[in-house]
Amino acid sequence: MSKSRLLIVEDERSLAEVLQYNLEKEGFEVMTAADGQDGVRKAQAHTPDLVVLDLMLPIIEGFEVCRILRSDAKTQNIRILMLTARSEEVDEIVGFNMGADDYVTKPFKIKPLVHRIKALLRRDASAEQARDVINAGGIEIDRINHSARADGQDLHLTPTEFRLLWTLARQPGRPFGRNELMDRCRGEDANALERTIDVHVRSLRQKLEQRADLIETVRGVGYRFRSEPMAGPLEGEATSA
Ligand code: CA
């Protein structure tokens, strides 16, 4: 098995060095970037398995780095572990839902951080295997055939509706903002999404018929796929907006 590749985007040089040293000792291949712009560039050029991303960065902030990586098909599946200086920033990560997979508050100990990184990488590997077909809420979504079925009946989704459903159902419970959904559902044809996300959601819900409530509205944020039984750390987010 090849080594997992990590990219550390951290402007505090001593911290970046300590992280690199310890993570290399754990058997990871480690690259570093000292600002957000360089971080984006390296992530795009090398598509690492995981990015350890500091929030406060020169040139491009961590939130924006996150958004850029999530909006590009090539980098959108890279795991992102956010480093934050203050616990209040955690609320922002959850509230704005910039697409980080996990976060750690500074100061942190190396050992738990390594555990979190390994857990995220494992999750990625298992998601990779299950990625072609999703079964959730009574519907089967098949990415190879680009089809979605309920009770064996094809839902006849448009390409945009399909991408929308796939994106939401892949991470049940995780709220997606409208802009993020726009970026993800646009596909190769940048002009294909002249209607708003809300219009696509409405049409998708109509096709889902009695299962329409699988697509939940998250007030002040956007939409999410209904999760049962647990929504994870983002659960309280819908009411706090
Ligand atoms: Ca910083």
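The values are calculated or read from the model by the stated rules, or taken from the named source; none is laboratory data. Not measured: the values here are computed from a predicted model. Neighbour counts are summed over all protein chains in view; Cβ atoms, including those assigned to glycine, are modelled from backbone coordinates with ideal geometry. Note: areas computed on protein heavy atoms with side chains; ligands, DNA, RNA excluded. Shrake-Rupley method; radii C 1.70, N 1.55, O 1.52, S 1.80 Å.
Only lysines eight or more places from LYS118 in sequence, or on another chain, were considered; those with a Cα closer than 24 Å are LYS3, LYS25, LYS42, LYS74, LYS106, LYS109.
Calculate what fraction, in whole %, of the accessible area of the range 131-225 sits on carbon and sulfur atoms when a 1.4 Å probe is rolled over the protein chains.
Ligands and nucleic acids excluded, carbon and sulfur reach 43 percent.
Note on exposure: PHE63, PHE162 ranked by accessible area (1.4 Å probe, complete protein assembly) read PHE63, PHE162, with the most exposed listed first.
Just to confirm a number: summing +1 for Lys and Arg and -1 for Asp and Glu over residues other than LYS3 whose beta-carbon lies under 11 angstrom from that of LYS3, what do you get? Could you put the intermediate results ahead of the total?
Values: positive: ARG5; negative: GLU24, GLU26, GLU29, ASP49.
It works out to a net charge of -3.
Per residue, the range 131-225 exposes 50 Å² of solvent-accessible protein surface, assessed with a 1.4 angstrom probe and all protein chains in place. GLU12 sits among other residues whose Cβ lies under 12 Å from its own Cβ, and their net charge, with Lys and Arg +1 and Asp and Glu -1, is -3.
When +1 charges are put on Lys and Arg Cβ atoms and -1 charges on Asp and Glu Cβ atoms, the dipole computed for the range 131-225 relative to its Cα centre reaches about 300 debye. Counting 0.36 nm for each residue step from ALA85 to THR47 and taking away their Cα separation leaves a gain of 11.1 nm.
Could you please report the charge total around HIS115, scoring K, R as +1 and D, E as -1 over all other residues with beta-carbon less than 13 angstrom from its beta-carbon? Write down the numbers at each step before the final one.
Values: positive: LYS109, LYS111, ARG116, LYS118, ARG122, ARG123; negative: GLU26, ASP102.
That works out to +4.
In the range 5-127, carbon and sulfur make up what percent of the accessible area (probe 1.4 Å)? Roughly 52 percent of what the probe reaches on the range 5-127 is carbon or sulfur.
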